[in-house]
Every structure is written in C-alpha cells, then in structure tokens.
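Inspection log for the structure reproduced underneath, given as structure tokens.
The values are calculated or read from the model by the stated rules, or taken from the named source; none is laboratory data. The shown structure was predicted, so the numbers you read here are calculated from the model rather than taken from an experiment. A quick note on method: Cβ atoms are made from the backbone with ideal geometry, for glycine too, and the neighbour counts reach across all protein chains shown. Note: areas computed on protein heavy atoms with side chains; ligands, DNA, RNA excluded. Shrake-Rupley method; radii C 1.70, N 1.55, O 1.52, S 1.80 Å.
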Amino acid sequence: MTIYVDISAAVHGRAGLGRYAQSLAQALLDGDPVRFAFFYNRAPSAHLPVSLREAPIRTVRAGYKPWRMAVWLGQLTHLGFDRLLPGAELFHATEHLLMPLRHIPSVLTVHDLVFRLLPHHHKLLNYVFLNLAMPLFIRRADHLIAVSHSTREDLVRLYSVDPSEITVIHEAADPRFRPQPAEEIERVRREHGLPEHFILSLGTIEPRKNHRRLIEALSLLRRLGAEGWRLVVAGEKGWLYQPFFRRLEELGLEDEVILLGHVPEADLPALYSAATLFVFPSLYEGFGLPPLEAMACGTPVVCSRASSLPEVGGEAALYFDPTDVEEMAQAMYEVLRDGALRAEMQKRGLEQAKRFSWERTAEETMAVYQDVIQGA
C-alpha cells in the first residue's frame with residue numbers, strides 16, 4: 001500500500017506552496033524511500049523537480065483551471081477519483097485542492113485563509129472558487145494540517161472545525177539557507193547590482209505583502225536620520241501592484257528602491273546573507289518562510305506582528321504593526337543604528353531557525369498519516 005502526496009504546487013512553481021510541497025515530499029522520501037508515491041496535474045507548465053523523480057509518479061493531464069473545476073464538481077456530485085491513485089492507503093493534498101475520494105482516506109494542508117480575511121487582496125476568480133470549494137474540502141478531509149497555530153485558530157473560528165481534527169505542523173527553512181561565504185555573497189552582489197549595504201524585503205508585489213507602506217517607512221527613515229539606505233525588493237509583480245509603483249513615483253524613491261524581480265532559488269541564501277537588515281511587512285501570512293530563511297542566513301529580521309509571524313520569529317525578531325508606517329520606520333531605524341543590537345539579533349535568529357526542520361515536519365506529518373490510516 002502506498003501514501004500519495006500531491007506535489008502539483010512544486011511542479012508548477014507556485015511560490016510558497018511549491019516550496020512546502022517539494023520540501024515535505026523530499027523529507028518524507030528520505031525517511032522512507034519505498035512507501036511514498038507522488039501525484040500531480042501534468043499541465044503544460046509542469047516541471048518535475050529532479051530530486052523527486054526517484055519515487056513512483058501518477059499524473060492527470062489537465063490544465064490548471066480545468067483540473068480545479070473537475071475536482072470541485074467531483075466533490076459536489078460525490079464522484080470518486082480513486083482510480084487515479086492505484087493501491088493508495090492515503091492521499092495528502094498539500095495545497096487547497098482536495099480531489100474527491102470515496103475509499104481512500106485523505107489529509108488536507110491548510111496554509112492560510114487569506115481569501116476570507118482579506119478578500120479585497122485576492123484575485124476575484126480565485127476568491128470565488130475558494131469560497132465555494134474550501135468548505136467542501138475541509139469537510140471531506142479526514143484530517144487537517146495547519147502550518148501555524150494562527151491558521152488553526154482561523155479554521156476553528158471561520159469554519160467551526162473541531163480543534164481535535166487539526167494538527168499544527170510548522171514549515172522550515174531549507175538546509176541550504178545558512179550564512180554564506182564571502183565569495184558567494186560577492187558573486188550575487190555583482191550579478192544583481194547590489195550596493196554594499198542595503199535593506200532587503202522578499203515577496204510578490206501585491207497588496208497583502210504591504211510594500212507600499214514599506215516604501216513610505218523608507219521615506220520616514222530619512223527624517224529619523226538614517227539616510228543613504230537603499231531598499232532591495234526581490235519578487236515578481238503579482239496583482240493590484242499599480243498603487244505600489246504610483247506611490248514609489250510620488251515619493252521620488254525610484255533611485256532608492258532596487259526591484260530585482262524574480263531571483264533564482266540558488267541565489268537567495270547569498271542575497272539574504274548580503275543584507276544588513278531583512279524587513280517583512282506582510283499584512284497576513286499562513287506561516288511566512290522568508291523571515292525564517294533570513295534568520296537562518298544570519299540576517300537580523302524586522303517583521304510584522306500580524307497572524308503567524310510571531311510564531312516564526314519568536315524572540316529573535318523585532319516586530320511592528322504592519323498598518324503603522326511610523327512604527328515600521330522606527331523599528332527599522334532602531335536596528336540600523338545599533339550594531340550591537342544587530343549582532344544580538346543575528347545570534348538569536350540563528351538559534352530560532354534551528355528550532356524548525358523539514359525532518360521534524362516530515363516526522364510529525366507521518367504521525368498524522370498513521371493516525372488517519374488506523375482510524376480508517
């Protein structure tokens with residue numbers, strides 16, 4: 001009998017969801033090379049990570065949107081897609097899409113409920129789909145995994161889920177996120193045109209990531225006496241990004257903000273390591289990997305205190321209200337002007353990052369599988 005893990009998000013490179021699916025799948029495979037198989041939707045954009053090709057693979061050939069509609073309609077009509085998973089003893093949906101199964105127990109990972117909490121920051125079609133489909137997915141799954149206590153509380157509050165049906169299992173930074181040697185930092189600095197000292201932020205340019213307020217805080221830094229600091233933003237354009245660019249022009253900060261767009265995964269550890277300070281102003285995160293990755297690379301983190309982020313940063317980060325530009329600027333200024341504080345935050349951050357590992361995540365996930373299989 002085989003446990004199937006859906007790696008569609010990894011195959012299609014869907015940012016944080018993809019990192020979760022790939023890292024968890026790899027850790028599970030490392031722990032038990034013979035028990036697992038992977039499933040994904042073989043759309044034209046599919047690219048199976050090399051490291052996951054060792055396991056048996058099952059696919060369905062469908063476009064992203066047609067497959068989502070097929071899954072939703074299958075849930076509505078109580079169809080069973082069991083034949084897609086031969087010999088399965090359990091199926092794990094690692095993103096917010098649970099295929100209908102009649103005789104195979106299932107686990108669903110819920111990353112966040114941003115479509116309910118910040119609907120105006122979501123794409124319309126995705127908002128409509130998730131509002132219609134997520135209640136079905138949540139009810140039909142045999143057990144839920146939440147990536148943070150914050151997400152677990154949201155599930156209980158918004159969907160009246162019995163807390164005993166949810167297990168919190170945190171994500172982790174990949175082991176490659178660690179302080180980088182000087183030559184690697186210099187390579188990335190040279191290839192991306194980075195200044196000697198800079199503030200870094202990472203995330204898709206969209207309203208929820210709160211970059212507009214971040215550049216307003218950058219402007220306020222000058223009034224506080226911290227001049228000359230440039231902000232580097234690593235992340236592609238998402239949606240509703242026009243207000244960010246308008247505000248950037250209004251503040252006259254075009255030369256002070258470096259927009260890198262997409263940065264190759266291989267360059268991220270050195271990019272974090274090169275930064276003097278990492279700032280993460282997000283309005284809401286189900287978990288929030290970038291602050292943890294930055295801490296693992298030895299970079300001090302100034303972070304929003306919203307949602308799950310204090311779970312990630314613990315006592316290692318300095319927090320601010322993401323809607324308060326002055327508090328954000330003051331937190332950044334406090335760290336930038338105090339070298340001793342930066343050194344202490346660097347030390348605490350490295351220790352905090354060690355508390356999370358994909359090996360532990362895989363072990364805790366496997367325990368959930370065993371409980372569900374035994375219950376079925």
- Query: Any residue at all in segment 244-260 that is open to solvent by 10 Å² or more (accessible area, probe 1.4 Å), closer than 20 Å to P291 by Cβ and assigned to a loop (DSSP other than H, G, I, E, B)?
  - Reply: no
- When both residues are 6+ apart or on different chains and their Cβ atoms are under 9 Å apart, which pairs have a first residue that lies in segment 88-109 and is aromatic (F, W, Y), and a second that is open to solvent by 10 Å² or more (accessible area, probe 1.4 Å) and assigned to a loop (DSSP other than H, G, I, E, B)? F91/L101; F91/I104; F91/P105
- Item | Checking L221 against (1) surrounded by 18 or more Cβ atoms within 10 Å (Cβ to Cβ); (2) within 23 Å of L309 (Cα to Cα); (3) touching a residue at least 60 places away in the same chain (Cβ under 8 Å), the condition it does not meet | (2)
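It is to be established whether one or more residues within segment 50-72 are under 24 Å from R157 (Cα atoms) and either of a type in the set (V, I, T) or in contact (Cβ under 8 Å) with a residue 60 or more places away in the chain (or both).
Initial filter on segment 50-72 (under 24 Å from R157 (Cα atoms)): 72.
Filter once more, keeping what is either of a type in the set (V, I, T) or in contact (Cβ under 8 Å) with a residue 60 or more places away in the chain (or both): 72.
Within segment 50-72, one or more residues are under 24 Å from R157 (Cα atoms) and either of a type in the set (V, I, T) or in contact (Cβ under 8 Å) with a residue 60 or more places away in the chain (or both).
Evaluate the following for E196: is it under 28 Å from E351 (Cβ atoms), without any contact (Cβ under 8 Å) to a residue 40 or more places away in the chain, touching a Lys or Arg at 6+ places or on another chain (Cβ under 9 Å) and not in a helix (DSSP H, G or I)? Spell out how you get there, then give the answer.
Working: under 28 Å from E351 (Cβ atoms): yes; without any contact (Cβ under 8 Å) to a residue 40 or more places away in the chain: yes; touching a Lys or Arg at 6+ places or on another chain (Cβ under 9 Å): yes; not in a helix (DSSP H, G or I): yes.
Answer is yes for this residue.
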- Task: Could you tell me which residue of segment 160-193 is farthest from the chain's Cα centre (by Cα), considering only residues that are polar (S, T, N, Q) and surrounded by 14 or more Cβ atoms within 10 Å (Cβ to Cβ)?
- Result: Q180
- Going through (1) surrounded by fewer than 18 Cβ atoms within 10 Å (Cβ to Cβ); (2) more than 23 Å from F198 (Cα to Cα) one by one, D321 fails only at (2)
- Mind counting the residues in segment 47-61 that are open to solvent by less than 50 Å² (accessible area, probe 1.4 Å) and either of a type in the set (K, R) or over 21 Å from R83 (Cβ atoms) (or both)? 4
- Report the residue count in segment 80-129 for those that are of a type in the set (K, R) and within 21 Å of the chain's Cα centre (by Cα). 2
- Just one of the numbered conditions (1) under 30 Å from I104 (Cβ atoms); (2) of a type in the set (D, E); (3) crowded, with 18+ Cβ neighbours inside 10 Å is not true of E153; which one? (3)
- Query: Is segment 68-75 home to any residue that is closer than 14 Å to I7 by Cβ, modelled with pLDDT of 95 or more and not hydroxyl-bearing (S, T, Y)?
  - Reply: no
- Complete set of residues in segment 297-324 that are in contact (Cβ under 8 Å) with a residue 24 or more places away in the chain and in contact with a Lys or Arg (Cβ under 6 Å, 6 or more places away or on another chain): P300, A316
- Message: Looking at R35 and the list (1) touching a residue at least 24 places away in the same chain (Cβ under 8 Å); (2) surrounded by fewer than 18 Cβ atoms within 10 Å (Cβ to Cβ); (3) under 22 Å from L125 (Cβ atoms), which single condition is not satisfied?
- Response: (3)
- Message: I'd like the residue in segment 327-376 that is more than 26 Å from the chain's Cα centre (by Cα) and within 19 Å of P281 (Cα to Cα) and, out of all such residues, is least open to solvent (accessible area, probe 1.4 Å).
- Response: L336
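From R83, R116, R102, grab the single residue that is out of contact with any strand residue (DSSP E or B) (no Cβ under 7 Å at 6 or more places or on another chain) and over 24 Å from V60 (Cα atoms).
Details: R83 fails: over 24 Å from V60 (Cα atoms); R102 fails: over 24 Å from V60 (Cα atoms).
Only one candidate qualifies: R116.
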- When both residues are 6+ apart or on different chains and their Cβ atoms are under 9 Å apart, which pairs have a first residue that lies in segment 226-239 and is under 7 Å from G261 (Cα atoms), and a second that is among the basic types (K, R) and not in a strand (DSSP E or B)? G235/K209
- Message: Given the criteria within 26 Å of N210 (Cβ to Cβ), in contact with a Lys or Arg (Cβ under 9 Å, 6 or more places away or on another chain) and at pLDDT 95 or above, does D338 qualify?
- Response: no
- Task: Say whether the condition of being farther than 26 Å from G238 by Cα, free of Cβ contacts under 8 Å to residues at least 40 places away in the same chain and surrounded by 21 or more Cβ atoms within 10 Å (Cβ to Cβ) is met by at least one residue in segment 139-146.
- Result: yes
- Among S308, S357, S304, which is the only one that is hydroxyl-bearing (S, T, Y) and over 19 Å from R19 (Cβ atoms)? S304
